[in-house]
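The values are calculated or read from the model by the stated rules, or taken from the named source; none is laboratory data. If you're wondering where the values come from, they're calculated on a predicted model, not measured in any experiment. Neighbour counts run over all protein chains shown; Cβ positions are idealised from the backbone, glycine included. The protein model used for the area step is the full one, side chains on, heavy atoms only, and it has no ligands, DNA or RNA in it. Shrake-Rupley method; radii C 1.70, N 1.55, O 1.52, S 1.80 Å.
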Amino acid sequence: MIHLSAFVFYLGALVPWIHLLVRGARRHTVFLASGLTGVAVALHAMALVDFWLTFSELPLGGLAPALSSLAFVGGLALVAMLLLREVARLALGLLPFVLVLQGAALALGIEPAPGDLDFQGAGFVLHVALAFLGLQGLAIASAAGILYLIQHHELKVKRLGRLFQFIPPLATLERVGGTGLSVGFVALSLALVLGWAWTVQNLGSLEIDDPKVIWAVMSWMVFLGIFAARRGRGRSEYRSALAAVIGFGIVIGTYLALRITAEGSGLFL
Amino acid sequence: MTLPLAVVGVSHKTAPVEVREQLAYGPADVAVALHALRSAGAVEEAVLLSTCNRTEVYLHPAQEGSTLHAIERLFSSRPHAVDGSLEPYLFEKHGEQAISHLFQVTAGLDAMVTGEAEIQGQVREAYQQAAILDAAPPLVGPVLNRLFQTALSVGGQVRSETSIGEGTASVASVAVELAGKIFGSLQGKRVLLLGAGMTGELIVDALSREGVQSIAVANRTYARAVSLARKHHGQAIPFDQIAEVLPTVDIVLSSTAAPHPVLTRAILRESFIEPRRHPLLIIDIAIPRDVDPSVGDEPEVFLYNVDDLRTIVDEHVQIRVGAVAEADQIVRAGCEEFGACYASLEVVPIIQSMRIMAEAYREAELERLFRGLGHLAEEDRARVEEFSRRLQNKLLHEPTARLRQGMAEGEGRSLIEAVCFLYGIGDSEDSRAGPKEEEGLPDTAEEGVQE
């Protein structure tokens with residue numbers, strides 16, 4: 001029920017953001033959008049704590065709880081962006097992602113994992129949290145990338161209307177995207193190292209055909225690909241934005257493919 | 001009363017940039033054009049206003065009727081003039097409509113950016129330029145002189161008394177906003193200024209306020225580039241070294257008076273040994289355009305010309321719409337004031353004659369009085385003189401004011417005739433010089449008036 005409330009508030013927060021986009025900047029609308037987002041994230045946190053207390057299990061095991069936790073990390077990123085006035089409008093790029101994740105979690109039913117989790121304890125939680133942070137970094141870079149590409153297009157076709165006014169400057173989007181990628185890459189790298197160390201310590205060896213491993217390594221390589229795109233000759237900012245959008249799509253696509261095809265996927269993620 | 005004034009021209013509302021750029025007049029061209037109009041017998045007085053948004057001729061026609069064809073012939077004689085007739089792009093206004101148009105233009109109400117401030121300076125320049133031209137009689141006579149003085153006054157009043165100038169709706173501020181949407185903060189950005197156009201300088205000033213790091217100035221006349229660079233704490237570069245500087249700058253502002261593009265895609269590509277990693281904003285405010293439109297097809301280049309700025313301007317214009325009605329009221333009041341002023345122009349010689357005559361009587365009567373009162377101290381003589389001056393002013397004030405009022409209300413001809421009859425003005429050349437000693441002076445002022 002609290003999860004649903006959080007979803008409703010996220011949805012409610014989307015309305016003033018769209019209103020801002022269509023009707024232009026209004027101070028009270030920004031406050032309303034920020035307030036609703038804040039309430040949604042607070043409710044979401046309460047829902048996850050409630051899950052933990054009710055089932056004596058962190059909401060990281062089953063697919064739906066994991067998606068909800070991922071959405072929550074997105075919500076935290078949203079709040080962080082709202083505090084930075086310059087990039088507050090990036091929320092419009094990230095909010096739909098949070099909504100989709102939380103909506104999917106609700107649709108699947110936020111239930112405890114069907115079996116015991118292999119890993120538990122602080123190390124496991126840190127590993128998952130860092131992995132989520134890495135994905136959120138990529139999600140932020142992707143959201144910034146989408147807005148960068150839209151703004152770039154608007155500037156090129158000289159259509160300087162509401163959308164142009166709404167979207168932050170190209171340089172800001174590039175900087176936010178770069179920061180998201182850097183933080184995400186470091187977090188995901190640490191998560192991989194931590195995951196490998198704990199697996200070796202607890203199971204003796206790491207199975208490279210494990211869907212989790214495939215997905216994690218694939219995600220890490222996507223980061224490398226985006227960084228390579230950023231360092232290439234000419235149009236680096238544009239290519240970086242495009243690469244972040246495509247890269248995030250690959251990560252999500254890979255996850256869905258593995259989720260559908262891999263065995264034992266009930267515990268995957 | 002129909003005022004003998006007209007305006008003919010093209011503006012951003014009637015003609016696209018491709019036409020306007022063909023009709024852009026540099027300072028030297030303006031003089032030639034105005035002399036040509038005078039020689040053709042088309043105008044008594046004329047002022048040519050040429051900006052990036054308009055080319056308009058304000059004139060006091062030599063004859064009644066349309067002056068459209070005279071101006072069309074003038075415009076058609078421009079080199080590279082558009083093929084076919086210019087008539088579809090031209091507009092023509094007469095009398096009060098022409099006056100109202102100039103006032104609206106000067107107040108920024110007819111500008112591409114409503115409330116734009118630069119136009120006031122451009123109108124002043126056009127007026128002054130025509131006024132100093134060597135012509136007999138002068139190209140700016142009493143009619144256009146009064147018209148432009150009033151227009152500049154109305155423009156200033158609109159800006160100071162309404163919010164028409166508030167918000168970022170000048171070309172300069174719009175350019176700065178555009179740069180901000182690309183680069184975010186402008187701290188540390190580098191600018192290349194091509195040419196010495198006034199609007200280009202305004203944009204550089206605005207960019208400087210936002211913290212751009214350095215400004216390179218290139219001009220065909222290197223000395224002018226040095227002067228501008230010094231003014232903006234920048235660096236002057238020879239015009240033929242633009243390509244070498246291009247890779248190092250973030251913003252290019254172009255406002256040269258060159259008849260052909262000075263920045264082409266070939267030059268741009270040649271200048272970039274490596275493809276650009278970061279965006280380059282090019283603002284081309286020159287008419288004719290300085291930058292080949294194909295430059296905008298380069299991947300990281302954002303090219304905007306004056307017409308492109310219209311879109312972003314429209315947003316800002318909405319903010320100022322609320323002030324337009326108020327500004328219109330001031331313009332209407334200005335038109336009425338000019339109508340009254342114009343009418344009063346006709347009575348100025350009459351009033352001058354009245355004053356000259358009264359002054360002559362006063363001086364003559366004082367002289368006669370003092371001749372018989374030789375014992376008066378210097379101080380007392382001064383008091384008597386002061387008394388006579390005040391009395392004369394008081395006696396003349398009311399008729400003068402009523403005469404002006406009557407002219408403004410359209411009773412001009414009959415009033416002038418009445419005053420001339422009553423004061424004997426125009427009876428002879430001598431009447432303007434007042435009474436002469438040898439003719440004998442009347443015993444009273446009233447008699448003098450009758451005489």
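Which members of the range B:155-178 meet the condition of being touching an Asp or Glu at 6+ places or on another chain (Cβ under 8 Å) and modelled with pLDDT of 80 or more?
Listed by number, the list holds a single entry, B:Val176.
Farther than 22 Å from A:Leu60 by Cβ, surrounded by 16 or more Cβ atoms within 10 Å (Cβ to Cβ) and modelled with pLDDT under 85 - does that describe any residue in the range A:250-264?
Within the range A:250-264, none of the residues are farther than 22 Å from A:Leu60 by Cβ, surrounded by 16 or more Cβ atoms within 10 Å (Cβ to Cβ) and modelled with pLDDT under 85.
Considering only the range B:179-201, state which residues are modelled with pLDDT of 80 or more and of a type in the set (A, V, I, L, M, F, W, C).
Residues satisfying the conditions are B:Ala179, B:Ile182, B:Phe183, B:Leu186, B:Val191, B:Leu192, B:Leu193, B:Leu194.
Regarding B:Ala196, is this residue outside any helix (DSSP H, G or I) and in contact with a Lys or Arg (Cβ under 7 Å, 6 or more places away or on another chain)?
yes
With the condition kept exactly as written, say whether any residue in the range B:308-324 is more than 10 Å from every other protein chain (Cβ to nearest Cβ), modelled with pLDDT of 85 or more, closer than 23 Å to B:Arg20 by Cα and not in a loop (DSSP other than H, G, I, E, B).
The answer is no; no qualifying residue exists.
Can you name every residue in the range B:1-37 that is among the acidic types (Asp, Glu) and open to solvent by 50 Å² or more (accessible area, probe 1.4 Å)?
Result: B:Glu18, B:Asp29.
Of all the residues that make up the range A:28-67, how many are aromatic (Phe, Trp, Tyr) and open to solvent by less than 50 Å² (accessible area, probe 1.4 Å)? Talk me through it step by step, then tell me what you get.
Residues of the range A:28-67 aromatic (Phe, Trp, Tyr): A:31, A:51-52, A:55.
From the residues that got through so far, the ones that are open to solvent by less than 50 Å² (accessible area, probe 1.4 Å) too are A:51.
Qualifying residue count, the range A:28-67: 1.
If A:Phe223 passes every condition in (1) within 20 Å of A:Ala77 (Cα to Cα); (2) within 14 Å of chain B (Cβ to nearest Cβ) but one, which one does it miss?
All conditions are met except number (2).
Would you be able to tell me the number of residues in the range A:95-126 that are modelled with pLDDT of 80 or more and open to solvent by less than 30 Å² (accessible area, probe 1.4 Å)?
The number of residues fulfilling the criteria is 8.
Considering every residue within the range A:155-168, establish whether at least one is touching a Lys or Arg at 6+ places or on another chain (Cβ under 7 Å), within 14 Å of chain B (Cβ to nearest Cβ), under 30 Å from A:Leu20 (Cα atoms) and among the β-branched types (Val, Ile, Thr).
yes
For the condition in contact with an Asp or Glu (Cβ under 8 Å, 6 or more places away or on another chain), within 14 Å of chain B (Cβ to nearest Cβ) and aliphatic (A, V, I, L, M), what is the one hit in A:Ala229, A:Ala241?
Step by step, each of A:Ala229, A:Ala241 is checked, and only A:Ala241 is in contact with an Asp or Glu (Cβ under 8 Å, 6 or more places away or on another chain), within 14 Å of chain B (Cβ to nearest Cβ) and aliphatic (A, V, I, L, M).
Please determine whether any residue of the range B:267-277 is within 14 Å of chain A (Cβ to nearest Cβ) and modelled with pLDDT of 90 or more.
no
I'm checking my understanding of the structure. Among residues of the range B:105-148 that are among the polar types (S, T, N, Q) and closer than 29 Å to B:Gly322 by Cβ, which one is farthest from the chain's Cα centre (by Cα)?
B:Thr114
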